[in-house]
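Read through the structure below, which is laid out as structure tokens, and then see the notes.
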Amino acid sequence: MSACAFDHPFLSGLLGDDESARYFSAEADIAAMVAFEVALAEAEADLGVIPGDAARSIAIAAGKFKPDLQALRTETARDGVSATELVRQLRSATGEPNGRFVHFGATSQDAIDTSLSLRLVPVLDLLSARLGRLVAALDDMEKRHGGKTVMAHTRMQAAIAVPAARKIASWRDPLVRHRQRLDGVKDAIAVVTFGGAAGTLDKLGGNAQAVTESLARRLKLKAPERPRHSERDGVVAVASTLAGITGSLGKFGSDVTLAAQNEVGEIILATGGGSSAMAHKVNPVGAEILVTLARFNATLVSGMHQSMVHENERSGAAWTLEWMLLPQIAIAAGAATRTALDLIPAIGFSTK
């Protein structure tokens, strides 16, 4: 049993999305943090900040590293972050004399936030690809059904007859714009976080910017002009864009459920959900789930705006809230795009 519908033993079949969810697993997070530590050591060794032998030892240890998850759980409860214990374990795995160079000049937030960036980039790529497929599927729907006539409704009342192409365009065009927005938020989030204790990289002296740039290149991220520990606008922009995607797909789902009502009959669903009591029903389950996911993300995105309010250089409270909300927003967006791709082929327009 799970308290979260996205990884629930059976609700996940309805609401989950394995492709996006895998980037928010503990294994993916740990792998990304370890990749940060290896890249940092190599960047520092190249600039003579740490010995070359140390970087090589850290990389070898990282390749064989198997984290103690129970210790991570215990120490995260004490420290409030996972990176402190993870770094301790990686130092131990590296051994002396080189273990002390693991995480040199960095702070926990550097590893944790860079891990998030490394995992969000492929999630945004996945969603962008799915939006492209959705746009193509709706283009095809317009070619097949756009010339048919449907009733437009304003304020839930019949208005005038319009081509189905008009309604289909209102589903498709926002997805085109969301895909364009994804490029912008990807640019905002695909940055390395490296600032040390309070964003000054004081332990690196004159090598700070050069190490940052080398680290970013190794991780295929950008090097910002300075660390952004407490500047969460990029992360919140991602959340807002993802909520916008689910919102537009929710509008699509809402239109489908209304048009598929027996009394309206403008849309005929080839497949749908069954009923335990009424065998004749074809319930618009996929369309309903799009509405559910839109409303779910609308509730969570306000919390992400709350998470922008960091006190001074770092807030444990605001940062932890972000960890709780953002993965669910992203997986909900994944579930919505997956569900919409499954729903579109089942939609037919009535000829009456």
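Every number here is computed from the coordinates shown, using simple stated rules; none is lab data. Computed from a prediction, not measured in an experiment: that's the story for all the values here. Note that we place each Cβ from the backbone using ideal geometry, even for glycine, and neighbour counts take in every protein chain shown.
Okay, here's what the table says:
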read-out: Neighbourhood net charge (13 Å Cβ-Cβ; Lys/Arg +1, Asp/Glu -1) for F6; value: -2
read-out: Between 0 and 90°, nearest 10: helix 108-145 axis offset from the chain longest Cα axis; value: 20 degrees
read-out: Average silhouette area of the stretch 59-191, convex hull of alpha-carbon atoms, in square nanometres; value: 13.5 nm²
read-out: Kirkwood Rh (inverse of mean 1/r, distinct Cα pairs), the stretch 134-214, angstrom; value: 17.1 Å
read-out: Histogram of C-alpha separations across the chain, 10 Å bin width, %; value: 5, 22, 27, 20, 13, 8, 4, 1
read-out: Within the chain, longest stretch free of exposed GluC sites (Glu not before Pro) [DSSP loop, at most 11 other beta carbons within 10 Å]; value: 1-224
read-out: For the stretch 5-349: relative contact order, % (alpha-carbon pairs under 8 angstrom, 6 or more apart); value: 19 percent
read-out: Likely footprinting exposure, L47, L40, L201, fewest C-beta neighbours within 10 Å first; value: L47, L201, L40
read-out: The stretch 5-349 - share of DSSP beta bridges that are antiparallel (%, nearest 5); value: 90 percent
read-out: The chain, dipole about Cα centre (Lys/Arg Cβ +1, Asp/Glu Cβ -1), debye to the nearest 20; value: 1040 debye
read-out: Residue-count net charge about L131 - beta-carbon cut-off 13 Å; Lys, Arg +1, Asp, Glu -1; value: +4
read-out: Local electrostatic count at A28 - Lys and Arg +1, Asp and Glu -1, tallied over other residues with Cβ under 11 Å; value: 0
read-out: Nearest-0.05 FRET efficiency for A298 and V162, computed from C-beta distance (R0 35 Å); value: 0.80
read-out: The stretch 101-190, relative contact order [Cα under 8 Å, separation at least 6], %; value: 32 percent
read-out: Degrees between helix 164-189 axis and first principal axis of the chain (Cα, 0 to 90, nearest 10); value: 0 degrees
read-out: Mean projected area in nm² (Cα convex hull; one quarter of hull surface) for the stretch 2-93; value: 7.5 nm²
read-out: Nearest 10 degrees, 0 to 90: helix 83-94 Cα axis against the chain principal axis; value: 50 degrees
read-out: Which of M156, M141 has the fewest Cβ neighbours within 10 Å, and the rest in rising order; value: M156, M141
read-out: For the stretch 284-352 versus the stretch 140-159, the gap between their alpha-carbon centres in whole angstrom; value: 27 Å
